[in-house]
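Undergrad: This is the structure I have questions about; it appears just below.
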Amino acid sequence: MKAVVIGCGRVGSGLAYLLELDGFEVTVIDQSPHAFDRLGEGFHGEVIIGKALDRGLLDRAGIARADALAAVTGSDETNAVLARLAVRHFHVPRVVARMYDPRQADLYRRLGVLTISPVEWSISRIGHLLSLRDVAPVTTLGTGQVHLVEASVLPGLAGRRAGELEVPGETRLIAVTRSGRTFLGDGNLPLEAGDVVSMAVTTGAEVRLQQLLGFG
């Protein structure tokens with residue numbers, strides 16, 4: 001498989017190395033020749049020096065046969081343009097753009113561009129860590145609107161069905177850890193005090209989950 005990474009900063013260089021380890025043929029583009037020093041000697045992919053918005057340079061990078069493209073330059077505008085170009089003109093199957101401005105990220109997300117916003121993710125993550133004492137965040141999924149959290153089952157919920165913690169479109173049971181063993185969640189499973197439930201929760205539904213768990 002072929003991947004093109006545009007921007008060889010800390011994210012781009014790390015991503016290029018990770019994709020190569022995953023079996024991709026990787027081409028990295030950056031306008032600064034010194035940026036490629038971040039790749040290290042272990043990287044065996046192709047590097048191209050130049051401005052990513054140069055159509056000839058994109059052709060040389062093999063964008064027409066790319067299976068994936070990541071636009072992670074330092075410019076939101078450049079990343080957005082590159083992502084839309086990759087999707088609409090070159091029909092790259094998987095395209096992701098990094099955007100620092102959450103408002104721009106949301107706008108382009110609605111236009112069909114998969115975006116990752118470090119600012120949006122950080123705000124959400126820190127907010128969860130500071131405000132949720134009883135429901136512990138584990139990670140953020142996809143573009144940041146769904147979170148994986150863990151919580152202990154209180155004695156008051158013992159005997160209740162695990163499916164009672166689920167709200168369509170807001171919370172979903174993923175797994176249960178009991179007596180040192182983790183298994184996939186089943187809505188009909190009777191909960192036991194001390195169980196640890198892993199839940200997928202949409203942004204804004206955390207308080208609702210706390211209430212379902214008996215914390216609030």
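Undergrad: Using Cβ contacts closer than 10 Å as the measure, can you line up 135, 81 from fewest to most?
TA: Lowest count first: 81, 135.
Undergrad: I would also like to ask the following. Based on the Cβ-Cβ distance from residue 152 to residue 202, what FRET efficiency comes out when R0 is 30 Å, to the nearest 0.05?
TA: Working from the Cβ atoms, E equals 0.90.
Undergrad: Can you figure out the FRET efficiency of residue 64 with residue 100, using R₀ = 41 Å and their beta-carbon distance, to the nearest 0.05?
TA: The value I calculate is 0.90.
Undergrad: Once both labels are modelled 7 Å past Cα along the beta-carbon direction, what's the residue 55-residue 91 spacing in nm?
TA: Roughly 1.8 nm, to one decimal.
Undergrad: Given contacts defined as C-alpha pairs under 8 Å and at least six residues apart, what's the relative contact order of the chain, whole-number percent?
TA: Reported relative contact order: 13 percent.
Undergrad: Sticking with this one: How would you rank 51, 2, going from fewest to most other Cβ atoms within 10 Å of each one's own Cβ?
TA: Ranked by crowding around the Cβ, least crowded first: 51, 2.
Undergrad: Provide 72, 4 in ascending order of the number of other Cβ atoms located within 10 Å of each residue's Cβ, fewest first.
TA: Placing the least packed residue first, the sequence is 72, 4.
Undergrad: Cα gyration tensor of region 159-216, axes a ≥ b ≥ c as square roots of the eigenvalues: rounded (a/c below 1.5), prolate (a/b > b/c) or oblate?
TA: Note, shape of region 159-216 comes out prolate.
Undergrad: Which whole-Hz ³J(HN,Hα) couplings does region 196-203 yield from phi under the Karplus relation 6.51 cos²θ - 1.76 cosθ + 1.60, θ = phi - 60°, glycine and proline marked x?
TA: Residue by residue, region 196-203 yields 10, 9, 9, 10, 8, 10, 7, 4 Hz.
Undergrad: Let me ask something additional. What relative contact order, as a whole-number percentage, does region 127-212 give when Cα pairs under 8 Å and 6 or more residues apart are counted?
TA: This gives 32 percent for region 127-212.
Undergrad: Please identify, among 165, 184, 141, the residue showing maximal mean-square fluctuation in a Gaussian network model of the chain using a 10 angstrom Cα cutoff.
TA: Ranking 165, 184, 141 by mean-square fluctuation puts 184 first.
Undergrad: Taking 0.36 nm per residue of separation and subtracting the Cα-Cα distance, what length does fully extending residue 22 through residue 122 add?
TA: Using 0.36 nm per residue and subtracting the Cα-Cα distance, I get 33.4 nm.
Undergrad: Sticking with this one: If only Cα atoms are counted, what is the Rg of the chain, and what is its Dmax, in Å?
TA: Taking only Cα atoms of the chain, I get Rg and Dmax of 21.3, 65 Å.
Undergrad: Between residue 110 and residue 160, what's the calculated FRET efficiency when r is the beta-carbon distance and R0 is 35 Å? Round to 0.05.
TA: Rounded to the nearest 0.05, the efficiency is 0.35.
Bear in mind these aren't lab numbers, they're just calculated from the coordinates by the rules spelled out. Keep in mind that this is a model prediction, so the values were computed, not measured. Reconstructed Cβ throughout: ideal geometry from the backbone, glycine too, with neighbour counts over all protein chains shown.
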